[in-house]
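Take a look at the structure set out below.
The values are calculated or read from the model by the stated rules, or taken from the named source; none is laboratory data. Everything quoted here is computed from the prediction, not taken from an experiment. Heads up, the Cβs are rebuilt from the backbone with ideal geometry, glycines too, and the neighbour counts pull from every protein chain shown. Remember, those area values only see protein heavy atoms, side chains included, never the ligands or the DNA or RNA. Shrake-Rupley method; radii C 1.70, N 1.55, O 1.52, S 1.80 Å.
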Amino acid sequence: MTRHEPWPTSSTAADANGLSRRFRITHPFHPWSGQEFELVTYLHTWGENRVYFNKEHEHLVSVPASWTDLVPEDPLVYLAAGRSPFRVVDLIELAQLVERLRLASVNGIMP
């Protein structure tokens, strides 16, 4: 009898061999925060790494991997210790978006 590996390798997964089969949602504002789920797969989709799992054994759902304990906490978030809900890179991106919208409005261009 041939024994199969319990974790198939995926060319799109980030080091799947090092991942545990269960994970916890750690994002403080997610409604499932603190709950643990069985990992189905870990893929790079929608421009980010995402974890896929079955919610209540019914349907496949996904969340960003950064919202789980599978990815180490962002060092800036750790150092801020709750003092700032925003990362600098996100604030810069927001400022650029606001400026583009302002210019479009001034020039009469609908975004």
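Before moving on, here are some points about what is shown:
- Count of residues meeting criterion [assigned to a helix (DSSP H, G or I), more than 25 Å from residue 42 (Cα to Cα) and open to solvent by less than 90 Å² (accessible area, probe 1.4 Å)] in region 71-87: 1
- Extreme residue, farthest from residue 78 (Cα to Cα), among residues of region 50-68 that are open to solvent by 60 Å² or more (accessible area, probe 1.4 Å) and part of a strand (DSSP E or B): 59
- Qualifying residue in region 50-72 (condition: within 28 Å of residue 35 (Cβ to Cβ), of a type in the set (Asp, Glu) and touching a residue at least 40 places away in the same chain (Cβ under 8 Å)): yes
- Filtering region 9-39 to residues that are over 18 Å from residue 66 (Cβ atoms), out of contact with any helix residue (DSSP H, G or I) (no Cβ under 8 Å at 6 or more places or on another chain) and either modelled with pLDDT under 50 or in a strand (DSSP E or B) (or both) leaves 11, 38.
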